[in-house]
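What follows is one structure encoded as structure tokens, with my remarks underneath.
What follows draws every value from the coordinates through simple rules; no lab data is involved. Bear in mind the structure is a predicted one, so any value in this text is a computation, not a measurement. Virtual Cβ from ideal backbone geometry, glycine too; neighbours counted across all protein chains shown.
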Amino acid sequence: MESRVEKQTGGSGVARLLDDLWSLRTRIVDLTTPLSSSTPTLELPEPFANLIDFSLEEVSAYNEPGPHWKHHNIHTGEHIGTHLDAPTHWATGQNGKDVSRIEPARLMGPALVLDVAAEADADNDFLVDVQHLRAWESEHGQLPDGGWLLIRTGWEERSGNKRQFLNNDADGTPHSPGLTVECARWIAEETALSGIGVETVGIDAGTAAGQQPPFPAHHYLLGNDKYGITSLRNLGELPPVGAALIVAPLPIVGGTGSPARVLALVEDS
Ligand code: MN
């Protein structure tokens with residue numbers, strides 16, 4: 001029998017997708033951390049300058065400045081909360097795309113989940129290496145063109161507590177998982193992925209200032225027209241393969257990144 005959506009749209013692939021969503025055969029999983037002034041954000045050490053946190057400034061609230069409406073100004077850095085890093089964020093990508101110029105097709109693709117939560121729990125400085133991706137590929141197949149590699153580390157459980165989320169030691173050095181230099185280079189140069197997504201505050205490990213080159217995920221990915229998304233949650237609701245990712249940053253002209261809504265479509269089994 002023709003479904004309600006097929007009647008409206010003529011039975012196209014989009015109609016089938018809408019029908020699946022309508023009938024709950026496909027679930028939408030929100031991977032985004034809610035954005036507020038308490039969302040934990042990156043803290044660069046002295047002498048570097050930090051972005052401002054997100055905040056709302058009331059302009060009117062059904063009162064004299066606007067009797068029938070409520071609206072705010074928003075104040076925020078680009079790289080706050082769940083956000084996308086565009087190539088121009090990094091020196092190696094400075095001649096690449098700003099966030100407004102990333103093609104929408106690169107912002108949608110297969111979601112591939114690598115689960116290293118146990119490793120990151122045992123060692124907060126755990127680094128994903130090429131061997132982990134090779135092992136993933138031998139189990140699930142080659143990382144597909146246009147895919148997004150989502151790295152599950154369990155860090156989302158810390159996201160309600162800034163101290164635990166940043167996990168700084170007594171010297172102020174953060175300890176959180178990331179990529180080895182070779183893994184960052186491999187993803188950037190040897191795969192056709194669109195990018196990676198992480199649960200941590202940035203796409204590099206907490207100790208990445210000491211890697212060579214420093215911050216290798218930023219260095220290699222953004223320098224090779226690949227993108228990063230951070231502060232994801234609910235990755236545990238995704239299968240290793242089979243989900244689709246939708247990343248929706250604001251098209252800020254000249255922007256090096258943007259807070260983003262990140263959604264996954266998952267087939268219910
Ligand atoms: Mn960023």
| Which listed residue, of 182, 189, is surrounded by fewer than 20 Cβ atoms within 10 Å (Cβ to Cβ), without any contact (Cβ under 8 Å) to a residue 40 or more places away in the chain and in a helix (DSSP H, G or I) | 189
| task | Scan (1) surrounded by 18 or more Cβ atoms within 10 Å (Cβ to Cβ); (2) out of contact with any Lys or Arg (no Cβ under 7 Å at 6 or more places or on another chain); (3) part of a loop (DSSP other than H, G, I, E, B); (4) not hydroxyl-bearing (Ser, Thr, Tyr) for the single condition residue 217 breaks and write down its number. | result | (3)
| field | Enumeration of residues in the range 146-191 that are out of contact with any Leu (no Cβ under 8 Å at 6 or more places or on another chain), more than 18 Å from residue 211 (Cβ to Cβ) and of a type in the set (D, E, K, R) | value | 157, 158, 162, 163, 190
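It is to be established whether one or more residues within the range 121-132 are part of a strand (DSSP E or B) and within 16 Å of the ligand (Cβ to nearest atom). Explain how you work it out, then say what you get.
So the first thing to find is which residues in the range 121-132 are part of a strand (DSSP E or B), and the list is 127-128.
Still in the list and also within 16 Å of the ligand (Cβ to nearest atom): none.
No: the range 121-132 contains no residue that is part of a strand (DSSP E or B) and within 16 Å of the ligand (Cβ to nearest atom).
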| Of all the residues that make up the range 236-263, how many are outside any loop (DSSP other than H, G, I, E, B) and either aliphatic (A, V, I, L, M) or within 16 Å of the ligand (Cβ to nearest atom) (or both)? | 14
| Within the range 43-99, strands (runs of 3 or more DSSP E) holding 2 or more residues that are in contact (Cβ under 8 Å) with a residue 24 or more places away in the chain and within 14 Å of the ligand (Cβ to nearest atom) | 83-85
